Amino acid sequence: KAAAVKYANLGIKVCLNFDGRLSPKDEAYVPDFSILTEAEMEDLATAMAGHVCKDLSVDCMGYDVEPFDNNQILFFTKLDQKLSVCKKTFGVFTFAPSMNATMWD
């Protein structure tokens, strides 16, 4: 938090990065989205957005998801809605082979 304040005070854009590693299972940081209910995705999005929205030194967030799967789209939609309320943005990083045309539907 102190580093975010320091850089923000210097006029540098500060983005929090969340590591969303999903596999292998014994090294995963977040749950398998295919087993989450819509309410659980909403809760996860609320918790993540809360960290970003509450911190006035933070401008945006990044989400490193490995691997990306279309079952995460609802979560990212909810996250986007929550971050939009506090006028903050996010980006997603994943490996290119995980992406496909259907993710844009």
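The values are calculated or read from the model by the stated rules, or taken from the named source; none is laboratory data. Since we're looking at a predicted model, the values are computed, not measured. We place every Cβ from the backbone using ideal geometry, glycine too, and count neighbours over all the protein chains shown. What goes into the accessible areas is simple: the full protein's heavy atoms, side chains included, and nothing from ligands, DNA or RNA. Shrake-Rupley method; radii C 1.70, N 1.55, O 1.52, S 1.80 Å.
A few remarks follow.
- Applying both filters, DSSP loop and at most 16 other Cβ atoms within 10 Å, to the trypsin sites (Lys or Arg not before Pro) of segment 53-105 gives K87.
- Portion, in percent, of the accessible area of the chain that falls on carbon or sulfur, probe 1.4 Å: 58
- The residues of the chain expose, per residue, 63 Å² of accessible area to a 1.4 Å probe.
- With Cα atoms, 0 to 90° folded angle of helix 73-85 axis to the chain main axis: 20
- With Cα atoms, 0 to 90° folded angle of helix 38-54 axis to the chain main axis: 20
- Annotation for segment 1-82: chymotrypsin sites (Phe, Trp or Tyr not before Pro) lying in DSSP loop with at most 13 further Cβ atoms inside 10 Å of their Cβ are Y29.
- Dipole magnitude of the chain, debye to nearest 20 (Cβ charges: Lys/Arg +1, Asp/Glu -1, about Cα centre): 680
- Helical mean residue ellipticity (222 nm; -39500 (n - 2.57) per DSSP H run of 4+; nearest 500) of the chain: -11500 deg cm²/dmol
- The value of relative contact order for segment 23-86, using C-alpha pairs under 8 Å at least six residues apart, is 48 percent.
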